[in-house]
Amino acid sequence: MSASASSDVAEVLSTVVDCQLTWAGRTVFNGVMATPMSTPPPPTLETIAGSATLDEVLECLRARRPVFHSEADLQHSFALAVGEVAPEVRCRLEIPVRGSNASEYLDLLCLGPASRTAIEFKYVTRQWSGTTGTPPEEYALRGHNAPDIARRDFLRDVARLERFCDREDQNGLALLITNEAALWRPRQRRMPTRDEEFRIHHGRELSGTLLWAGGSFPDNTRMLRGAYTLAWRQYTQLGGSSGEFRCLAVFITPSAAQPQWPHET
């Protein structure tokens, strides 16, 4: 073979060796197909401390606690469920948040290896009694009988969490569990109610300034920086009247507010 021909062959071989082709998401290198290493998905804001999804925590929670004696019982049980699903997450109940005017308290702060979640709970009940859970427990729930106040207070939690979530690595979660069907259903009356702008039924979209009774009660006004589409989910179905419990979860993204958090080491 002549020197010129040898040079041409070497050039072709060099081109083949250096060539990479992609096909159906895989890399072909020198005729050998290889599947590239998967890239971890970016952290989502709809997780608990970046370590567990809400569905995972609720599944663990309802398996042992389909119903709760009180809101404090819900808070403690939820913290235990987070620890079971994601042992690397530390949970702190009743954390002080010191703002410019007065001290406030956060129901639960979940601290993960790389992110945090601030959580506020609401547990609104109609009268119900029965035995359920693992192990079985007797429950006698009283009725709150004020769904309008429940709506106001839940949206107060959302607004507070918008202020509390002041770090890029911290999201918020407002969580409501209830057997009060009036909360997840649209208004039944023809005439608007005083809490018309505070309705939280399934599919409702909330944003901006919410006025109570058209602004007649300024202390009840809520200003939301985010926009939220509300989606209720089933929690448990128990026997008897008012035995259906549903859950509403609203995740809050970080904001530029500046409350002062206690130091964690």
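The values are calculated or read from the model by the stated rules, or taken from the named source; none is laboratory data. Bear in mind the structure is a predicted one, so any value in this text is a computation, not a measurement. All Cβ positions, even for glycine, are placed from backbone atoms using ideal geometry, and neighbour counts span all protein chains on display. These accessible areas exclude ligands, DNA and RNA; they are computed on the full protein's heavy atoms, side chains included. Shrake-Rupley method; radii C 1.70, N 1.55, O 1.52, S 1.80 Å.
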Query raised in the report: Do we have any residue at all in segment 221-231 that's under 25 Å from H76 (Cα atoms), touching a residue at least 40 places away in the same chain (Cβ under 8 Å), aliphatic (A, V, I, L, M) and not in a strand (DSSP E or B)?
Result: no
**Report entry** Index of the failed condition, I149 passing every other in (1) free of Cβ contacts under 8 Å to residues at least 12 places away in the same chain; (2) farther than 29 Å from Q237 by Cβ; (3) open to solvent by less than 70 Å² (accessible area, probe 1.4 Å)
**Finding:** (2)
Report summary line: Expected single match for more than 24 Å from I200 (Cα to Cα) and within 18 Å of the chain's Cα centre (by Cα) among E138, E84 is E84
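Residue-by-condition table, conditions (1) part of a loop (DSSP other than H, G, I, E, B); (2) in contact (Cβ under 8 Å) with a residue 40 or more places away in the chain:
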| residue | (1), (2) |
| --- | --- |
| D153 | no, no |
| L176 | no, yes |
| P186 | yes, no |
| M191 | yes, no |
| E197 | no, no |
| H201 | yes, no |
| S207 | no, no |
| D219 | no, no |
| Q234 | no, no |
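Table: residues versus (1) closer than 25 Å to E71 by Cβ; (2) of a type outside the set (A, V, I, L, M, F, W, C).
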residue	(1), (2)
A181	yes, no
D195	yes, yes
R199	yes, yes
S216	no, yes
F245	yes, no
I252	yes, no
Report summary line: Only unsatisfied item for Q260, checking (1) in contact with a Lys or Arg (Cβ under 8 Å, 6 or more places away or on another chain); (2) open to solvent by less than 70 Å² (accessible area, probe 1.4 Å); (3) at pLDDT below 85, is (2)
Query raised in the report: Can you tell me which residues in segment 105-125 are buried (at least 20 other Cβ atoms within 10 Å of the Cβ) and either of a type outside the set (A, V, I, L, M, F, W, C) or outside any strand (DSSP E or B) (or both)?
Result: D107, G112, S115, R116, T117, E120, K122, Y123, T125
